[in-house]
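Student: Take this structure, written in structure tokens, and hold onto it; I'll ask about it next.
The values are calculated or read from the model by the stated rules, or taken from the named source; none is laboratory data. Not measured: the values here are computed from a predicted model. Methodologically, a virtual Cβ is constructed for each residue, glycine included, from the backbone with ideal geometry; neighbour enumeration extends over all protein chains shown. Only protein heavy atoms, including side chains, enter the accessible area calculation; ligands, DNA and RNA are left aside. Shrake-Rupley method; radii C 1.70, N 1.55, O 1.52, S 1.80 Å.
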Amino acid sequence: MCSSDLIDSSMKTYRVAVAGATGAVGVEFLRLLEERKFPMSSLKLLASARSAGKTMKYAGRDIVVDELKDDSFNDVDIAFFSAGGSISRQYGPIAAKAGAVVVDNSSAFRMDPNVPLVIPEINPEACEAHKGIIANPNCSTIIAITPLWPIHKVNPIRRLIAATYQAASGAGAAAMAELEESTRAYLENRPYEQKVLPHAYAFNLFSHNTKIDPATGYNEEETKMVKETKKIFGDPDIRLSATCVRVPVLRAHSEALTIECERPIGPAEVRKLLDGAPGVKIVDDIEKNYFPMPKDASGKDDVLVGRIRKDASDPSGKSIAMFVAGDQLLKGAALNAVQIAEVLVEKGWVHGA
Ligand code: A2P
């Protein structure tokens, strides 16, 4: 694909690769790059050998998927990775060494002190210090803290308690298919053998399918939320606890959040702070009992926020409870990563031609 096909020739353009292009997040990368008119001169689609030779549509034309290999990044400026942690660990440094800036959706590098961990609405300036790799945060972290940042900026959050209701998409395209197939089997009274997720998924829910650390009792997803929030907010003192649960929803995570701020704060002030905040939309219709739902968050860029109320268990008046829902594949993954690349382009923190 040549540059004149893709973009106005007067603009600076970038050679882009998507590693994991055939996955649930990969497909969203393609759609977002097109929809947001990302200034590309070329687009390389990479996946496993299983997918090599397949074609995927970009801007109405077919692009052939290549097998991800060591030399895949020799002619790439920006590489989006969403093919799992082990692929990122193996190929991320190779891509960075070849001169690409890697925006990595896995957990492989998130807590590396040399790797910025970025939500563009919160800490875009952290991108500047990149050494070839920038990490996209965990989806539950992004969806929880994008709407908390406008509050934290004016009245620092000292404590956060989160309970998540997480969709199948976080475990990939195969888990989404498993939810659909197992639901069909359940309704048709057929037996179904789980292949991707560890427990029956149709009409059920279960504690997040990551390993529990016996020393703390927290699973990996919960630990990610705790550590990543501290790093992104640049606040090691914020106290957090999370309970992460997988629910039978296809692609949007919901979360119940309770925050305790440094000073007293009321629901009206929270609504004012969140009204019009970037990446956030208030859905809080008490009369109609209409609040954030995964159905409404799916396919949308914004994190929906509602049920904003005083936490009745804290008489100091410093605590607020709320409920949020955000598209796991978009703001929780591909959209946040593309926004990071847009920061790089806008600030000139990536080489292009
Ligand atoms: P493939 O479709 O060829 O298996 P998801 O998160 O939806 O499960 O998607 C995972 C993505 O990671 C897919 O694009 C998948 O490609 C890709 N992937 C998995 N294993 C490898 C591998 N060994 N090398 C390159 N890409 C891989």
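Student: Compute and list, largest first, the equivalent-ellipsoid semi-axes of segment 298-352 from the alpha carbon gyration tensor, each √(5λ) rounded to a whole angstrom.
Tutor: Each semi-axis is the square root of five times an eigenvalue, giving 35, 15, 7 Å.
Student: Next up: So how do Glu220, Glu342 rank on accessible area, 1.4 Å probe, biggest first, that is with the largest at the start?
Tutor: Glu220, Glu342
Student: Evaluated at 20 °C with a viscosity of 1.002 mPa s, what Stokes-Einstein diffusion coefficient in µm²/s does the chain have when Rh comes from the Kirkwood expression over alpha-carbon pairs?
Tutor: Rounded, D is 102 µm²/s.
Student: Mind putting a number on the dipole of the chain about its Cα centre? Charges go on the C-beta only, +1 for Lys and Arg and -1 for Asp and Glu, and I need it in Debye to the nearest 20.
Tutor: 280 debye
Student: Let me ask another. Put +1 on the Cβ of each Lys and Arg and -1 on the Cβ of each Asp and Glu in the chain; which of Pro39, Ile340, Tyr290 then has its Cα farthest toward the positive end of the dipole?
Tutor: The residue sitting farthest along the positive end of the dipole is Tyr290.
Student: Additional query: Which net charge results for the neighbourhood of Asn219, defined as the other residues with beta-carbon distances under 14 angstrom from its beta-carbon, given Lys and Arg at +1 and Asp and Glu at -1?
Tutor: Cβ neighbours under 14 Å give a net charge of 0.
Student: Work out the length of the dipole vector of segment 244-353 about its Cα centre, built from +1 on the beta-carbon of each Lys and Arg and -1 on the beta-carbon of each Asp and Glu, and round it to the nearest 20 debye.
Tutor: Using Cβ point charges on Lys, Arg, Asp and Glu, segment 244-353 gives about 160 debye.
Student: Return, for the Cα atoms of segment 221-338, the radius of gyration and Dmax in Å, separated by a comma.
Tutor: Over segment 221-338's Cα set, Rg and Dmax evaluate to 14.6, 42 Å.
Student: Which of the trypsin sites (Lys or Arg not before Pro) found in segment 277-353 are in a DSSP loop and have at most 12 neighbouring Cβ atoms, other than their own, within 10 Å?
Tutor: Here the trypsin sites (Lys or Arg not before Pro) that fit, given the DSSP loop and packing criteria, are Lys288.
Student: Is segment 101-192 best put as rounded, prolate or oblate by its Cα gyration tensor, with a ≥ b ≥ c the root eigenvalues, rounded for a/c under 1.5, and otherwise prolate when a/b is larger than b/c, oblate when not?
Tutor: oblate
Student: Given the Cα-Cα distance of Glu287 and Asn204 and 0.36 nm per residue of separation, how much length would full extension add, in nm?
Tutor: 26.9 nm
Student: Kindly flag which residue pairs out of Lys230/Lys288; Lys195/Lys230; Lys211/Lys295; Lys54/Lys230; Lys195/Lys310 have an alpha-carbon separation exceeding 31 Å in this structure.
Tutor: Too far apart for the 31 Å limit: Lys230/Lys288; Lys195/Lys230; Lys54/Lys230; Lys195/Lys310.
Student: Related question: With runs of 4+ DSSP H residues as the only contributors, calculate the mean residue ellipticity of the chain at 222 nm using -39,500 (n - 2.57) per run, divided by the residue total and rounded to the nearest 500.
Tutor: -8000 deg cm²/dmol
Student: Can you give me the long-range amide H partners of Ile133? Hydrogens built in the peptide plane at 1.01 Å from N, cutoff under 5 Å, separation of 5 or more residues or another chain.
Tutor: Residues meeting the criterion, in which the H sits 1.01 Å from N, are Val102.
Student: Using alpha-carbon positions, what is the distance between the centroids of segment 228-299 and segment 99-169, in Å?
Tutor: 15 Å
Student: For Asp311, what residues show an amide H to amide H distance below 5 Å, using hydrogens built from the backbone and excluding near sequence neighbours?
Tutor: Correct list: Ser319, Ile320, Ala321.
Student: Then there's this: Per residue, how much accessible surface does segment 204-317 expose to a 1.4 Å probe? Answer in Å², no decimals.
Tutor: I get 53 Å² per residue for segment 204-317.
Student: Take the residue pairs Lys44/Lys69; Lys224/Lys347; Lys300/Lys331; Lys224/Lys281; Lys281/Lys331; Lys37/Lys57 and return only those whose Cα atoms are more than 18 Å apart.
Tutor: Result: Lys224/Lys347; Lys224/Lys281 exceed 18 Å.
Student: Same structure again: Grab the other residues whose beta carbon is less than 12 angstrom from that of Ile161, score K and R as +1, D and E as -1, and report the net.
Tutor: Neighbour charge sum, excluding Ile161 itself: -2.
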